[in-house]
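This report concerns only the one structure given below.
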Amino acid sequence: MPRYRSREEMYAVRAQKNRSLLMYTGAVIITFLGLTYAAVPLYRLFCSATGFAGTPSTRTQAASGPEFPEWMPEWLKTLLSPSTTAEDRFAPSRLIAVDPADNPKSRRFKVTFSSSTSTALPWTFRPAQHHVYVLPGESSLAFYTAKNNSKDDIIGVATYNVTPDRIAPYFSKIECFCFDEQKLLGSEIVDMPLLFFIDKDVLDDPNCRNVEDVVLSYTFFKARRNQQGQLEPDAPEDVIQKSLGFESYELAKKASDESSKGAPRD
């Protein structure tokens, strides 16, 4: 037990320890609150970088990397940034169909196209073709058709995911209408192109050995601007997560939800 020269010294030392404990506790609470608010955007970035939860890779991500928030530390940006392999995936030398005659593992994948729209968006949105067959490394062009059923000009944004999840890292988009928001004039009808391929590395993945059917799903939402002035889907968070294929994964709850549970009731 420490020896103090006076009672005042003992009280001063204890007060300092209490202040230090309070500061450490406060820092931990603030850190966890920050992580709670950041859970959803971090999860989306992780899925974009790895193909987790059915999020396919895109040429935009491979060329410039995902857009990280300013508050994110450099080490985490590096961790979530696409690897050199992801960047090389879009090299012309890799966009060559793998013939089954040259590689016994190769096979044609049936890619089925799916579509839906939110109830708040008065659009008709459908794939122009039900499905296509592609070989690994073979680029394929597909179209979706969208019609604005209202007389007003409307901006929409699309979310997408690929099933089964395990093939998402190999499903790559070269060009897609989902890269940018889409503005349709009143009663306008447009054809939206999609250029994609399945990377030939899928043939070396034992988890994809028996995969032959792939589903690419799009959901269009009416767009709104967030606090940063960026366009985002105008829909509840759980609806957006479901359209991205995240409904089977539990995300961290918002701090406001947790604090409301502990708040005393009148």
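Neighbours of Lys105, meaning other residues whose beta-carbon lies under 13 angstrom from its beta-carbon, give a summed charge of -2 when Lys and Arg score +1 and Asp and Glu score -1. Restricting the trypsin sites (Lys or Arg not before Pro) of the stretch 128-170 to loop positions (DSSP other than H, G, I, E, B) with no more than 12 neighbouring Cβ atoms within 10 Å leaves Lys151. Taking a Cβ cut-off of under 9 Å around Gly137, the surrounding Lys, Arg, Asp and Glu residues balance to a net charge of 0, with basic ones at +1 and acidic ones at -1.
The overall shape of the stretch 97-248, judged from the alpha-carbon gyration tensor, is prolate: a/c is not under 1.5, and a/b is greater than b/c.
Estimated from the Cβ-Cβ distance and a Förster radius of 22 angstrom, the FRET efficiency linking Asn210 and His130 is about 0.45. The DSSP beta bridges internal to the stretch 97-248 are antiparallel in roughly 80% of cases.
Based on Cα contacts under 8 Å between residues 6+ apart, the stretch 97-248 shows a relative contact order of 29 percent. Can you give the net charge of the other residues whose Cβ lies under 12 Å from the Cβ of Ala146, counting K and R as +1 and D and E as -1? Taking every other residue near Ala146 into account, the sum is +1.
Simple rule: put +1 on each Lys or Arg Cβ and -1 on each Asp or Glu Cβ in the stretch 97-248, find the dipole, and look at Ile198, Phe109, Pro136; the Cα lying farthest toward the positive end is Phe109.
The numbers here are math on the coordinates, done by the rules we state, and not lab data. None of the values given here were measured: they were computed from a predicted structure. Don't worry about glycine lacking a Cβ; one is built from the backbone with ideal geometry, like all the others, and counts go over all protein chains shown.
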